[in-house]
Amino acid sequence: MAQDEASAAPRIDPAEPDPPPFEVVNENAPSRAVLLCDHAGRAIPHSHGTRGLDETMLYRHIAWDIGAGDVTRRLAGLIGAPALLANYSRLYIDPNRRLDHPSSIVALSDGIPIPGNESVDEREAARRAEHAFWPYHNRALEMIEQAETRCDAAAILCIHSFTPVMDGVDRPWHIGILWNHDGRIAKPLLDALPQTPGVVVGDNEPYSGNDPPGYGLDVYGSDAGRPHVTIEIRQDLIDTHHGADEWARIVAGALSGILADGGLYRIERFAP
């Protein structure tokens, strides 16, 4: 991992207090879109140690989406939208999964055992949810409702990153667009992004937008009828500030015409 991205990560230092559950960027931006970055941080409460892992593991993709937070902050500025970033690692609790989903608190990630998660009971799971999951999502809903003072339905943009190799298989895509039945943002993005020379775009690659659906994509998007999309960028392209800036600009350019369409911001539910 590049040094500048590592230095931007929340420190895991017993001398420093635990970070808040989230970071807000561009809070008062007068936008009809809201950016969410569920895996921006890799922090774990000091009381939980490192989940039985060597601390170097907390810099790897199993703990967070490398570069996604950096892209989100820059993209928020470029499109003039508010952004919410989760500070805690998905190895503590995953804000991108429903609490009853098996991967909400994982005991195994990309083949790596997470010893501190092997015997989490209901009380501990609820404690983690109250500490990190619900504060983040309650704030997300507040930001969405604030955007909806300017429109009927805010556009939800979820920013993630993915590893260039998984289970020994190369992933050729530079960026993936994840969606389910609502293609109001996804389809024009899939048309716009390849206009940048050399960019390889995945349609529901390397993951599917419905298997399993991400929490924000599902709850704030599909269930509520808001326009929504998840954008996944390959980690080796954004693990430096330079790369994050380049890709924030590529995505901002592709989104500009889509977000300028006033007809986008309405409640609409799409049948499976």
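Read-outs: derived from the displayed coordinates by stated rules, not from any lab. Remember, predicted model here, so these are calculated numbers, not experimental data. Positions of Cβ are generated from backbone atoms using ideal geometry, with glycine treated the same way; all protein chains shown enter the neighbour counts.
Note on Trp134 and Glu246: with the Förster distance fixed at 35 Å, the Cβ-Cβ geometry gives a FRET efficiency of about 0.50.
Which residue, chosen from Val219, Pro20, Leu78, occupies the Cα position most advanced towards the positive end of the dipole of the range 16-261, where the dipole is computed from +1 (Lys, Arg) and -1 (Asp, Glu) charges on Cβ about the Cα centre? The residue sitting most towards the positive pole is Leu78. Taking the C-alpha atoms only, the angle from helix 68-79 to the longest principal axis of the chain is near 30 degrees. Taking amide H positions as modeled 1.01 Å from N, with prolines and chain starts lacking one, the residues under 5 Å from Met166 and 5 or more places away or on another chain are Arg171. Once Lys and Arg get +1 and Asp and Glu get -1 on their Cβ, which of Val106, Thr149, Ala129 lies farthest toward the positive end of the dipole of the chain? Farthest towards the positive pole: Thr149. Expressed as an acute angle from 0 to 90° and rounded to the nearest 10, what is the orientation of the C-alpha long axis of helix 241-259 relative to the principal long axis of the chain? With rounding to tens, the tilt is 40 degrees. In the chain, once you exclude exposed trypsin sites (Lys or Arg not before Pro) (DSSP loop, at most 13 other Cβ within 10 angstrom), what's the longest stretch remaining? With a cap of 13 other Cβ atoms within 10 Å, the longest stretch comes to 12-149.
The alpha-carbon positions of the chain define a convex hull whose volume is 122 Å³ per residue.
Tilt of helix 134-147 relative to the longest C-alpha principal axis of the chain, in degrees (0 to 90, nearest 10)? Around 20 degrees separate the two axes.
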